[in-house]
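Read through the structure below, which is laid out as structure tokens, and then see the notes.
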Amino acid sequence: MRCLFPVTDETAARPGHTTGGTGPDGRQVPGAALPGGNREWTLEELAEAYAYPEPGPGGREPWLRANMVSTLDGAAQHEGRSQPISSATDMRIFGTLRGLADAIVVGAETVRQEGYRPARAREAFAERRKAAGQGPAPAIAVVSASLDLDFSAPLFTSPLVPTLVLTGAAAPPDRVDAAEKAGARVVFAGDGRGVDPARTVRALAEQGMTRLLTEGGPRLLGQLVAAGAVDELCLTLSPMLTAGDAQRIAGGPSVTVPERFTLVSLLEESGFLFGRYRRE
């Protein structure tokens, strides 16, 4: 894997030269060999490169990071799933981002389409999570208005930490009862039937979960973007063309004024680009 950012004269250095340094956010970027000396980054290096912001003087503030993949022509899925446009390195970063998070926020439709299961504990992140005061694995937080979910699925019956269901105060009472009987923790983040995207981050922070990761899908991410709730986007650009009518990474109504994000880091492996952007 190559580190392509910050871009300096050293990015054109001789084969085998190792680069690294301080990114624009002040964080150390680990060294990675350039062409002729490429190597696979360790999980520890990836964890350092994708670490959440350090707590400020007032303590840790909630931070919502999105992780999505897109083809060159803007498709976020192929035949309804993201796996066909992904890669082994993309999945390593996917696993790293999960290993750093308190909770993974995901829409109900994505849970159904992707067959979501509980996040697992990974030995590679055990010490880091313990030192950060985190549990053995992140919680899955499912956003759903109807609560039309299979509460007999492993996501609800056998997680290491209880699965959360985010919904509105007017959600169907029988489905709320079904979720709680299955062992899920129901969190209300809206006054109507559904979730108010602007309240999602705050509702999870009130549960002690401030390192947040959303994996979409596109509808949920679009709602969070429109609400101004996304602090960071980790975007994998897949070197593929799919055509068709697949969704973009974010759907729904457009924002009034496009919001500018700053490139923090850019990695490359086998033509896949792994960008990390933060709100300006």
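The values are calculated or read from the model by the stated rules, or taken from the named source; none is laboratory data. Note that the structure is a prediction, hence the values are computed from the model and not measured. Positions of Cβ are generated from backbone atoms using ideal geometry, with glycine treated the same way; all protein chains shown enter the neighbour counts. The area values use the complete protein model at the heavy-atom level, side chains included, leaving out ligands, DNA and RNA. Shrake-Rupley method; radii C 1.70, N 1.55, O 1.52, S 1.80 Å.
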Step through the residues of region 44-49 one at a time and calculate ³J(HN,Hα) from phi using the Karplus curve (6.51 cos²θ - 1.76 cosθ + 1.60, θ = phi - 60°), rounding each to whole Hz and writing x for Gly and Pro.
5, 5, 5, 4, 5, 5
Normalising by the residue count of region 85-213, find the relative contact order in percent from Cα pairs under 8 Å and 6+ residues apart.
25 percent
GluC sites (Glu not before Pro) within region 70-139, DSSP loop, no more than 16 other Cβ atoms inside 10 Å
GLU79
Treating the beta-carbon of each Lys and Arg as +1 and of each Asp and Glu as -1, no other charges, what is the dipole magnitude of region 127-280 about its Cα centre, to the nearest 20 debye?
340 debye
Computed helical MRE - 222 nm, the chain, DSSP H runs ≥ 4 contributing -39500 (n - 2.57), nearest 500
-6500 deg cm²/dmol
Contact order relative to length of region 143-280, as percent, for alpha carbon pairs under 8 angstrom and 6 or more apart
18 percent
Pick out, in residue order, every one of the trypsin sites (Lys or Arg not before Pro) in region 221-280 that is DSSP loop and has at most 11 other C-beta atoms within 10 Å; say none if there are none.
ARG260
Whole Å is fine, so just give me how far the alpha carbon centre of region 231-280 lies from that of region 196-210.
24 Å
Show log10 I(q)/I(0) for the chain at q = 0.16 Å⁻¹, two decimals, from a solvent-free Debye sum over equal Cα scatterers.
-1.35
Taking the highest mean first, how do the peptides 65-75, 42-52 order by number of other beta carbon atoms within 10 angstrom per residue?
65-75, 42-52
For GLU40, put the label point 7 Å out on the Cα→Cβ axis and report which residues of region 76-103 keep their amide N under 19 Å from it.
86-99
If I model a spin label as a point 7 Å beyond the Cα along the Cα-Cβ vector, how far apart are those points for ASP174 and ARG81 in nm?
3.3 nm
Cα radius of gyration and Dmax for region 106-199 (Å):
14.0, 41
For region 233-280, what is the relative contact order in percent, using Cα pairs closer than 8 Å and at least 6 residues apart in sequence?
51 percent
With every protein chain in place, the chain: carbon and sulfur % of accessible area (1.4 Å):
52 percent
Please work out the average accessible area per residue across the chain, using the 1.4 Å probe convention, and give it in Å².
48 Å²
Grab the other residues whose beta carbon is less than 9 angstrom from that of GLY99, score K and R as +1, D and E as -1, and report the net.
+4
Just report the Cα centroid separation between region 88-125 and region 143-169, whole Å.
15 Å
